[in-house]
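Participant: Okay, handing you the structure first.
The values are calculated or read from the model by the stated rules, or taken from the named source; none is laboratory data. Everything numeric here is computed off the predicted structure, so don't read it as measured data. No Cβ is skipped: glycine too gets one built from the backbone with ideal geometry, and neighbour counts run over all protein chains shown. Areas reflect the complete protein model, heavy atoms only, side chains present, ligands, DNA and RNA absent. Shrake-Rupley method; radii C 1.70, N 1.55, O 1.52, S 1.80 Å.
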Amino acid sequence: QSLELVGTLQAFIAPDLPLILLGDFNSSPEDEPIGPIIPPYQIIIGEGFADIWDTNPLKLIDPEGLTCCQLADLSNRRSEHYERIDIIFIRDGSFLPLAFVTGRVPIFPLSRQPNWASDHGGVFGLLNFR
């Protein structure tokens, strides 16, 4: 799907236009190729997109930016985010990103489930284009 996505973007979007991709890519920066299979994150980065988390000044507060995954039934009492697969990519070199992850604070009271609004944290970003 990532190959199809970047192929479609290359075919229909001028390469000099800024372009933003965001979503749950089910792939993290740590994913390595498995034989000939290239992870979606690596495919998108390889096509000239930047992961805004890499240049995010707020990364000092939250170095890993973990976004996934609470238990499927949302019953866990502490956040179990263990990977970053919800990502904002941009194709343009002139931007200053500010991004943060939400969803790490449980819904109160913890005496009733669900304890979380979603199994993923929300990724919010502000892109200031020059």
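Participant: All but one of (1) over 29 Å from LEU5 (Cα atoms); (2) at pLDDT 90 or above hold for PRO109; state the number of the condition that does not hold.
Facilitator: Evaluating PRO109 over (1) over 29 Å from LEU5 (Cα atoms); (2) at pLDDT 90 or above leaves (2) as the failure.
Participant: If the requirement is being touching an Asp or Glu at 6+ places or on another chain (Cβ under 7 Å) and open to solvent by 60 Å² or more (accessible area, probe 1.4 Å), which of these qualifies: LEU71, LEU60?
Facilitator: Unique residue meeting the criteria: LEU71.
Participant: If only one of ILE20, ILE52, ILE44 is open to solvent by 70 Å² or more (accessible area, probe 1.4 Å) and aliphatic (A, V, I, L, M), which one is it?
Facilitator: ILE20
Participant: Which numbered condition trips up GLY7, out of (1) of a type in the set (Gly, Ala, Ser); (2) surrounded by 11 or more Cβ atoms within 10 Å (Cβ to Cβ); (3) in contact (Cβ under 8 Å) with a residue 12 or more places away in the chain?
Facilitator: Checking GLY7 against (1) of a type in the set (Gly, Ala, Ser); (2) surrounded by 11 or more Cβ atoms within 10 Å (Cβ to Cβ); (3) in contact (Cβ under 8 Å) with a residue 12 or more places away in the chain, the one that fails is (3).
Participant: Let me ask something else. Which of the residues belonging to the stretch 89-130 are within 16 Å of LEU58 (Cα to Cα) and polar (S, T, N, Q)?
Facilitator: Result: THR102, ASN128.
Participant: Okay, next question. Does ILE13 qualify as being closer than 23 Å to GLY125 by Cα and touching a residue at least 40 places away in the same chain (Cβ under 8 Å)?
Facilitator: So ILE13 fails the test.
Participant: (1) open to solvent by less than 70 Å² (accessible area, probe 1.4 Å); (2) touching a residue at least 40 places away in the same chain (Cβ under 8 Å); (3) within 23 Å of LEU5 (Cα to Cα); (4) not in a strand (DSSP E or B): which one isn't true of ASP31, the others all being true?
Facilitator: (2)
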